[in-house]
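Novice: Take this structure first; my questions come after.
The values are calculated or read from the model by the stated rules, or taken from the named source; none is laboratory data. Because the structure is a prediction, the values reported are computed rather than measured. No Cβ is skipped: glycine too gets one built from the backbone with ideal geometry, and neighbour counts run over all protein chains shown. Protein only, heavy atoms only, side chains kept; ligands, DNA and RNA dropped before computing areas. Shrake-Rupley method; radii C 1.70, N 1.55, O 1.52, S 1.80 Å.
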Amino acid sequence: MSTSPSRPEAELPEGPAVRIGALVPLTRPGWAEAGRHLLAGLHLAVDEVNAAGGVAGRPLALEVRDTAADPERAAAAVDELAALGVAALAGEYHSVVARSAAARADALGLPFLCSSAVLDALTDRPTDVVARLAPAQSHGWRIYADFLLGAGHRRIAVAAEPSVYWASGTRILRDHLAAHDGTLVELDARALTPAELADALADSGATALLLLVGHPDPAVPIVRTVRRDPRLAGLLIGAPAGQPEFTEWRTLLGEDGAAIPFLRYLPEHLGPLGTRVGATLRERLAEAPSFVAFEGYDTITVLAELLRTPDMDWAHLSTEGTRGPIRFSRTPDISVRQWAWPPVQVVDRNPADPDNFRVLYTA
């Protein structure tokens, strides 16, 4: 746990800090690398808001809590942060965890801007307290299905673990494929070993396998097994949830981790703000920033603007983000205020240079 105002070299505004609670997965079983990128974006935006005079003459400060991908821990953190008097909540990467945090924030009336989680049903009821930057799963994953269909895949297998998030993704893919004469074959990644899964794939007639599973296990062993099975040569492996985005994927899998398409929420070309922020994030992270780092930066930018408005109303907020103008609206079947929509790409790691990405599809 930590409180983080602006960096020492920045000239802080005067007055007591406006504190924002930051929910971030920083330890296992959370996706710690995603959490590190998210937190880097949050911190950078806090620094820049403070360097520009803060909010109503007061500096911003982050109260960081590690969720470790635990919904109960996240809900407890929301209660703790509310008791500390934070003005708003920011962050979270894992959808099921964000759902738990959103439910508590809604019950407490504490504004929460979810940075990265995409599960459509972020809250059980419509709320004006919670808003989201990331696109809803139903939006992004339909785009991913369109990419697969456009590439000629009509019979697609999913290796899925049991969870609300993976079940939602499976349903979205199945329904969208069925509407376009496609078929989804479901394989239980919890019940099958990687070798047994490869056998099932070989018998399925599928031309693509989608990994709806955790990282690094069982995603990494599945990829290794499938890549080495001559019966499955030419099979496309995909990961719509974005597992190949981070350096750990490249480190663990090497060339086997290339040519695995995933969803990324960046425009094909960043504008001046995104380019500048991306360069600074690269320096702080000592590697290329993921889209999650940009989501973190945009989260604080939006919250600072929200805190400057007298009514703190998402509907009247408009600000420039690193990936385009950000406005929130009511979207059918989405219970929270939603940026509709951030840019969506399907990308993969280039087999000829796995440290770099290829844009395969944009929407």
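Novice: How high is the relative contact order of the range 194-328, in percent, counting Cα pairs under 8 Å that sit 6 or more residues apart?
Specialist: 18 percent
Novice: Follow-up question, since we're still on this one. Working from Cα positions, state the angle (0 to 90°, nearest 10) between the long axis of helix 71-84 and the longest principal axis of the chain.
Specialist: Its long axis makes an angle of about 10 degrees.
Novice: With a 10 Å radius around each residue's Cβ, average the other Cβ atoms per peptide and rank 139-145, 262-268, 323-329, 281-287, highest first.
Specialist: Taking the mean over residues of other Cβ atoms within 10 Å, the ranking is 139-145, 262-268, 323-329, 281-287.
Novice: Leaving out ligands and nucleic acids, and using a 1.4 Å probe, what accessible area per residue does the range 13-93 come to in Å²?
Specialist: Spelled out: the 1.4 Å probe surface of the range 13-93, per residue, equals 33 Å².
Novice: Helix 194-204: angle to the longest alpha-carbon principal axis of the chain, degrees 0 to 90, nearest 10?
Specialist: 60 degrees
Novice: Using DSSP, restrict attention to beta bridges with both residues in the chain and report what percent are antiparallel, rounded to the nearest 5.
Specialist: 35 percent
Novice: I need the calculated FRET efficiency for the pair R190 and E72, taking r as the beta carbon distance and R₀ as 22 Å, to the nearest 0.05.
Specialist: My answer for the efficiency is 0.55.
Novice: If you stretched the chain out fully between D313 and T251, how much longer would it get, using 0.36 nm times the residue separation minus the C-alpha to C-alpha distance?
Specialist: Extra length available between D313 and T251 comes to 18.0 nm.
Novice: Nearest 10 degrees, 0 to 90: what angle lies between the long axis of helix 164-178 and the longest principal axis of the chain (Cα atoms)?
Specialist: In the chain, helix 164-178 runs at an angle near 60 degrees to the longest axis.
Novice: Could you tell me the calculated FRET efficiency between D353 and D217, based on Cβ-Cβ distance and R0 = 22 angstrom, to the nearest 0.05?
Specialist: Once the sixth-power term is evaluated, E becomes 0.25.
Novice: Between R28, R154, R36, find the one with the highest GNM mean-square fluctuation for the chain; connect C-alpha pairs within less than 10 Å.
Specialist: The residue that fluctuates most here is R28.
Novice: Shifting gears a bit: Given the options R228, R58, R19, which has the most mean-square fluctuation in a GNM of the chain, springs set between C-alpha atoms less than 10 angstrom apart?
Specialist: Highest fluctuation among the options: R228.
Novice: Right, something else. Report in % the part of the accessible area of the range 278-363 that belongs to carbon and sulfur, leaving out ligands and nucleic acids; probe 1.4 Å.
Specialist: 47 percent
Novice: How high is the FRET efficiency between R282 and A233 when r is their beta carbon distance and R₀ equals 35 Å, given to the nearest 0.05?
Specialist: Efficiency, rounded to the nearest 0.05: 0.45.
Novice: Once neighbouring chains are kept in place and the probe is 1.4 Å, which whole percent of the accessible area of the range 12-145 is contributed by carbon and sulfur?
Specialist: Carbon-and-sulfur percentage of accessible area, whole number: 55.
Novice: Using Cα pairs under 8 angstrom and six or more residues apart, how large is the relative contact order of the chain, in percent?
Specialist: With pairs under 8 Å counted, the relative contact order is 18 percent.
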